[in-house]
């Protein structure tokens, strides 16, 4: 039985993810339909990866529909457009860094049409997407996940973390931790820099010590101390994710003073530094707050 | 030319560190003198590692004197006792997680006697000490470090980060980052737990994603979710280190809202949970704040 | 033209508020209907103030319906029960410390039945309610407010702050400021107390200086330093209000690190100290965090 | 017995304070010597208030020496210059917003010369200084205070709060509370403003409600909503005072997450907005963080 997959949203993450799907389905005799709001991107994708560019309504015939859009609002948009075209038995896998509340609503609406919804955000960045080594955190029915697990050609690791919305919640908390770890490292390095310490040496030591994190190991040395701040993951999107984490905390009636304060600081950074800058440029606000440059 | 080393302070870290020194010097035909406030610990060390238990005054004859004590105050204590016994040309290597201000003062006092002082705190925990793979971050004169570099048998990595006090400053900031990363992960997991997410699965995902840190990879799974909280590094000492980091920030006239708030929370945790508990037990305060258990 | 008023919710605030309405309407030849979930409270009120205890459905005939309930959820409850009984032309004045999002929804639902909704929370505590000197902050249509302004017999000051929900938003922010000012004063006094300063003298000075606030002037001396913590306004309710303020911030996409962190601390205090304690008992968490008593 | 008073530092606060001393001493047949680093200011003062402009060394003959300088560092400077000229029996009243640690040291040095030292910072701003209605918070020996109490012509209220340094500690905490109350009000108003609430009306309501503070009653309406930000008390000095409060907390080994975070934000504001702006201009950083103007 060959499979037809569809992929909506060919951005920095979605393009290589859909590419992995296309390679795999082509090997297996199936096919991968791709759609993007700007249609020319889908046509380029088809030429590059052997996928098939289609109109939105045409994806309704796929066995599995993947989406990878900026926020849950855009997912609501395509759901509204597709609406009646969707067929029972389809599984919708939303790889957007979406909102748990949206997942609950979307899952219920789709269930009414016999469509299963999995919130399945990914982590690993554009490098992980290119390599097909993304971590996928999944919320929703276990049986729906098992049905599509062989299709997740872009994944290095797939973990079901709970019911509908749990995937989005874990992604939001993960990104909030990224935000905290990055910001705190910036504060610490700023103080050391003001005190005349060699920041490259300090970072080398921290990366061999207990204070290390993905932020110190893979971001600050490469993006901040080099002053490059390459824009692969936008500051505005990380601020958005930290905001979803804040909603997760508030919906759970939790007490998280550090996550909440850091969310506020990233929102401020998005205003003061610019939402389209790389997320590591949040440390430019730390620099301004300390009147020092991290280099 | 054979070397005589001395080591002061045979606690959980100092005991294996001095053990590595003794093995190395014995191989090379030198010797390692050991001293501890409770003398019986030194005698046990001598039997176990082939070191030589001595009175405090006797260490003054060593080429290099290492110290590894709870705080800079205890280092001041042994310096005061040794005082006039110290000889010009000696190098003092203080592996205590000390205070940068103390380092400046101690270095100046010892320099007046012709003794070089290196602040050389270590990271890696008891496991790293046992394995002889500690990271050593050094502040002080480069030539003094070069003279003792071959003696650092307990080190996996040695990095000079600046002048006198810089080693202590980097260690304090490193430990403050550990404190932040650990606390924030606790807040995030508490919210997820309140929302019914499987915390083991969530942690597995985070450890394969951008929010990972040493705290999530090596502490929370092993010490918190297991409810074991094995006491290898005391909460009170991490709170003390976070306090030194706060002093580093304030002395540099830095702005570090997150580091400062987290320092306050660890001080509170030391009061509410207990200073002698393992540092990961700080998350028991997060649990009380959220009325949820992390398991 | 005589007026019939109705009042729902005879708690610590509602009882005296409805009492003022009853006195005024009785003087003018009108009447005040009162209802409470526990009916006996309404009967006691009728005997004490000359109001008239009624069944819930009977309030639908009033010209103005006031409500003063714990949260917007209880208001939703009575709205659902009253539903079809409500008559066009009625004005609903909700004095609950409610949620701006609820106000928007409730106002829209009632507008569909020709009923005007004003969110009209009050400030001034039980003392202000007894004295009929409450401050009322009103959101909703200006003309609806003008129509009921003469009925607000419990008010010392009435200010329209904006459209529907604005009254609740301002109340939430006001209470969040109370929470911040109270907590910060507790932190400051704890540090002074640890340092051996006479806290009564310190408070006297602060109350004559620039750091003073309603919290230092009217709460800490009377409720905390006396160790009385009389339960007039519950800690759990102030934590709830701080949470509404956090929602106001998040819905506005604002950056408020201090308000958000303090909200988290009050939620923790509600867990650790108890939601039914007086709101000033939040400082008992500050005391535990500092291992000092404020006296 | 006539008295000779001396006053060092004729800034915005010192000028009117010394003016009150001069008026009083002239009435009683005594005299007031005044000194300022810029001597012309003293000469102008002498003409305006009937004081007597002198060289620094000449103040040593006074019965009471008052100082009102930017920080304790400047007090150290004049103490070093006066040194041997000081006479036993003199009382030194330091009205600087100084550092408790400096007070301890200065009191000990002066005691060795038979001079009593009182730390006696004031609150009330330039308006209170002009009116002679300042609040004075005094640390140091009670008998020394009693000896000079009649001389405090600029005071409306004088309270001894503890031993040496306690006055400075209380002043620092008071100003930290001012900083917190002001900042939090800015955050709250920013969120309301983003939500379209009339800020003048909101402020009027808050000032009649439980969230009010000196900051909302006397600063935000007059200085922020008017966009005037008149520079009477510099942002850099309030940041300095919040920093002294942070030291008070740390020296007491206290846990004050809110005070510490707010100190960091004011330090950032001093960098980003400018240390010489009025302290209320700290809310311009809140505005930038929220992309909204408070008007």
What number, rounded to the nearest 500 deg cm²/dmol, is the helix-based mean residue ellipticity at 222 nm of chain A, given -39500 (n - 2.57) per DSSP H run of at least four residues and division by all its residues?
-> -15000 deg cm²/dmol
Residues B:110, C:285, sorted so that the one with the fewest Cβ neighbours within 10 Å comes first | B:110, C:285
If the label point sits 7 Å along Cα→Cβ of residue A:81, residues of the range A:19-54 with amide N under 18 Å come out as A:33-46, A:52-54
For residue A:251, inter-copy label distances in nm, listed shortest first [label point 7 Å out on the Cα-Cβ vector] | 1.7, 4.6, 4.9
Please state the Cα pair-distance histogram of the range D:153-249 with 10 angstrom bins from zero: what percent is in each bin?
-> 14, 38, 32, 14, 3, 0
What a careful reader reports for the chain D Cβ nearest the rotation axis onto chain C, distance rounded to whole angstrom, is D:213, 2
Euclidean distance between Cα centres, the range C:219-258 to the range A:234-295, Å = 24
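When only Cα pairs under 8 Å and 6 or more residues apart are kept, what is the percent relative contact order across the range D:4-162? Display every interim value, and only then the final one.
Details: 323 pairs, mean separation 32.0, N = 159.
Relative contact order of the range D:4-162: 20 percent.
For the range A:249-295, what mean projected area does the convex hull of the alpha carbons give, in nm²?
Values: hull surface 16.1 nm².
Dividing the Cα hull surface by four gives the mean projection, 4.0 nm².
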Picking from C:106, C:284, C:222, which is most flexible by a Gaussian network model of chain C using Cα springs under 10 Å?
-> C:222
For residue D:126, inter-copy label distances in nm, listed shortest first [label point 7 Å out on the Cα-Cβ vector] | 4.6, 5.4, 6.3
Order by neighbour count: D:72, A:164, fewest other Cβ atoms within 10 Å first, most last.
-> A:164, D:72
20 Å cut-off, amide nitrogen to a point 7 angstrom out along residue D:26 Cα→Cβ, residues in the range D:70-101 | none
Using the Cα gyration tensor of the range D:120-166, with a ≥ b ≥ c the square roots of its eigenvalues, what is the shape: rounded (a/c below 1.5), prolate (a/b larger than b/c) or oblate (neither)?
-> oblate
To the nearest Å, what is the center-to-center distance of the range B:114-168 and the range B:1-72, using C-alpha atoms only?
-> 16
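With the Cα gyration tensor of chain D giving a ≥ b ≥ c as the square roots of its eigenvalues, does the rule (a/c under 1.5 for rounded; else a/b larger than b/c for prolate; else oblate) give rounded, prolate or oblate?
Prolate, because a/c is 1.5 or more and a/b exceeds b/c.
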Relative contact order, percent, of the range C:168-295 when contacts are C-alpha pairs under 8 Å separated by at least 6 residues?
-> 39
Hey, what angle do you get for helix B:257-272 against the long axis of chain B, alpha-carbon based, 0 to 90 degrees rounded to 10?
-> 90
Between copies, how far does the label point of residue A:83 sit from its twins, in nm, shortest first, when each point is 7 Å from Cα along Cα→Cβ?
-> 2.8, 9.0, 9.1
Which order results if B:78, C:64 are arranged by neighbouring Cβ count within 10 Å, fewest first?
-> B:78, C:64
Find the relative contact order for chain D and round it to a whole percent, using C-alpha pairs within less than 8 Å whose residues are 6+ positions apart.
-> 14
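Let me make sure I get this right: for the range A:4-162, a, b and c are the square roots of the gyration tensor eigenvalues over alpha carbons, sorted descending. Under 1.5 in a/c it's rounded, otherwise prolate if a/b > b/c, else oblate. Which is it? If you can, show how the numbers build up before the last one.
Details: a/c = 1.40, a/b = 1.15, b/c = 1.21.
Note, shape of the range A:4-162 comes out rounded.
Bear in mind that the values in this text are calculations on the coordinates, not laboratory data. Computed from a predicted model, the values in this text were never measured in an experiment. Positions of Cβ are generated from backbone atoms using ideal geometry, with glycine treated the same way; all protein chains shown enter the neighbour counts.
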